[in-house]
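Q: First the structure, then my questions, so here it is.
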Amino acid sequence: MITKIGLIWVLDQKLLAVFKKTIWKYILPGGKLEEGETETDCLIREIGEELGDIVRKGFEKEIAKGNVRYLDEFGEKIESGEYLNLRCYFAEEIRHDLKDKIMHNSNDNIIAHRWIDGNYESEGLSLASILEYQVLPYLRVRDKVIPYLRPSDPFDCYLGHSWLNPDFFHH
């Protein structure tokens, strides 16, 4: 089993996703735990590697204050046949000042980032399956990310409701 730590950073109902050139897809910022590392140490290290030192320092403070918390884990079998366990930490509406300070490390596999919502397909973005089919629907159901705006979404049909129905979250 491969365990990775991921950051779910939501601002203005959009989720930060980073583009990994080795798989040519958008993923959550984060990565594998190194030996002897705590999950939050891993998260801080990976934020620094993928988003830059200014963002890392800002998130170190937010983690210390308890503003970034463990949310949930997601999993899937990957191409190698191994199981990927993605343990995610959640940051919502914190550090708007860091949004424009993201810097990519030219030595890293992360070469770009986007703030995505439910309409990522119309922008031609390719997401890793765990992000597209597990993380985004999880956030959508909890009204954390702007929903898809097409009424024929198969996930909507599965749940038997329309995401455009404002009364859905007020039961």
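Q: Restricting to region 22-45, name every residue that is among the acidic types (D, E) and closer than 13 Å to C88 by Cα.
A: E39
Q: Still on this model: When you check L98 against the structure, is it buried (at least 17 other Cβ atoms within 10 Å of the Cβ), within 14 Å of the chain's Cα centre (by Cα) and either hydrophobic (A, V, I, L, M, F, W, C) or assigned to a helix (DSSP H, G or I) (or both), yes or no? Before the answer, list the steps.
A: Working: buried (at least 17 other Cβ atoms within 10 Å of the Cβ): yes; within 14 Å of the chain's Cα centre (by Cα): no; either hydrophobic (A, V, I, L, M, F, W, C) or assigned to a helix (DSSP H, G or I) (or both): yes.
No: the conditions fail for L98.
Q: Let me ask you something else. Pick out the one residue from E92, E79 that is charged (D, E, K, R) and either more than 15 Å from V135 (Cα to Cα) or exposed (fewer than 12 other Cβ atoms within 10 Å of the Cβ) (or both). Write out each step before concluding.
A: Values: E92 fails: either more than 15 Å from V135 (Cα to Cα) or exposed (fewer than 12 other Cβ atoms within 10 Å of the Cβ) (or both).
None of the other options fit; the residue is E79.
Q: Moving on to the next point. Among the residues of region 110-139, which ones are loosely packed, with under 14 Cβ neighbours inside 10 Å, of a type in the set (S, T, Y) and at pLDDT below 90?
A: The answer is S122, and nothing else.
The values are calculated or read from the model by the stated rules, or taken from the named source; none is laboratory data. What you see is a predicted model; the values in this text were computed from it and never measured. Cβ atoms come from the backbone with ideal geometry, glycine included; neighbour counts cover every protein chain shown.
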